[in-house]
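Notes follow once the structure below has been shown.
The values are calculated or read from the model by the stated rules, or taken from the named source; none is laboratory data. In this text, all values refer to a predicted model and were calculated from it rather than measured experimentally. Every residue, glycine among them, receives a Cβ derived from its backbone with ideal geometry; neighbour counts consider all protein chains shown. These accessible areas exclude ligands, DNA and RNA; they are computed on the full protein's heavy atoms, side chains included. Shrake-Rupley method; radii C 1.70, N 1.55, O 1.52, S 1.80 Å.
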Amino acid sequence: MKITEIRIRKMKMMMKKPFTTSFGTFQEKDFLLLEAKDELGNSGWGESVAFHSPWYSEETLETNMHMIKDFLVPIVFENDIRHPDEVSELFSHLRKNNMAKSTVEGAIWDLYAKRNKMTLAEALGGTRNKIEVGISIGIHEDVNELIDTVAGFVEEGYKRIKVKIKPGYDVNVMRELRAKFPDVPMMADANSAYRLKDIDLLKQLDEFNLTMIEQPLASDDIIDHAKLQPELVTPICLDESIHSLEDTRKAVELGSTKIINIKIGRVGGLTEAKKIHDYCMEQSIPVWCGGMLESGIGRAHNIALTTLPNFILPGDTAGSSRYWEEDVISPEVIVEDGYITVPEAYGIGYSINQKAMDKFTVEELIFRTQQTAAGTGQ
Ligand SMILES: O=C(O)CCC(=O)C1=CC=C[C@@H](O)[C@@H]1C(=O)O
Ligand SMILES: [Mg+2]
């Protein structure tokens, strides 16, 4: 497969509501979409999940743009790629920058599936034709508002409720939620807001029969999580600490975690995500697919990955309407009674809503094999 053209779009989409975590609040999403074209004119699409600022990880939209433009695009143009699994190997001499790598690799996976007349789910070895999904809810200053928000999503049939917690907004909030929703599968995501010294407080969360506590401690830690897990009844789920199969193996061998939140961008792409999935299945460690407030392109990749057999816990892939008035794909991602039907069209399975795509594009850079970039500011 010869990639003959790569287009990078800087996107700006306004979320319906502000999203607050233990790091802060934002409502406008600036991100990159990447289109890879082959010699037959097929297009594959990938999405960068890096945020505008390095609050979730060290990567940002700008570091991704730099890595993709200056390092990854030239490598792709120089190589005839027979299978997308080769891409992570071609990028392996470049340190980290997983979200940048994943953006390019994801577009090539989509392109490969289309060329071979397969859905992306089939290309990955997926076995499901519909997936169960949960919903992730940001921090609400008013707990009564949080309760109303949760009630709405429970009503819509989402299979699991994830709420953010942080010091001062944890045991009290979970107690009120549990009182209102005694039987709803519920979890808490701390985004590294706690330290080992908070162990007595974290143990209080055991009262609420949570399905897991996600990333309670530092974002680069597996040692303190290994000390914390034996003290808790509730399983720990790691997100930010896991960037690769090797990280997963070490965390599992240390006993730092019992569940893994797999995010395609965080681990460097679909090939590495599959390796983590397969290892966790051998180790009887359940996995689920995390979200990064993606547009429909990233959402489509998450849906395809979630068709793999060990994605046995509901993930964070909500419908397009969770965040967007209008998505860049057609049809949009729809959740019905907590399920998403896996699309049957080739590749990511959704078409591009060109009108919306162009409306939300701030700038587009075009790279062709024989030329340098030609920018088209919009
Ligand atoms: O995409 C979604 O709907 C879920 C997003 C989400 O919960 C997160 C995105 C990024 C950082 C965190 O706030 C949180 C997470 O860590 O999973
Ligand atoms: Mg998380």
* To do: Compute the accessible area per residue over the chain, keeping the other protein chains in place, probe 1.4 Å, unit Å².
  => 40
* Report the local net charge at Lys117: Lys and Arg +1, Asp and Glu -1, summed over other residues whose C-beta lies under 15 Å from its C-beta. => -2
* What number, rounded to the nearest 500 deg cm²/dmol, is the helix-based mean residue ellipticity at 222 nm of the chain, given -39500 (n - 2.57) per DSSP H run of at least four residues and division by all its residues? -> -8500 deg cm²/dmol
* Cα-Cα separations in region 1-53 greater than 15 Å, expressed as whole percent -> 57
* Reachable lysines from Lys166, criterion Cα separation under 19 angstrom, eight or more residues apart if same chain -> Lys197, Lys203
* Which value, to two decimals, describes the C-alpha radius of gyration of the chain once divided by 2.2 N^0.38 Å? -> 0.95
* Along the three principal axes, how long is region 164-240 when you take its alpha carbons, biggest first, rounded to the nearest angstrom? -> 35, 21, 21
* Please list, or write none, the lysines whose alpha carbon is within less than 28 Å of the alpha carbon of Lys114, excluding same-chain residues fewer than 8 places away. => Lys2, Lys10, Lys12, Lys37, Lys69, Lys101, Lys130, Lys263, Lys274, Lys275, Lys355, Lys359
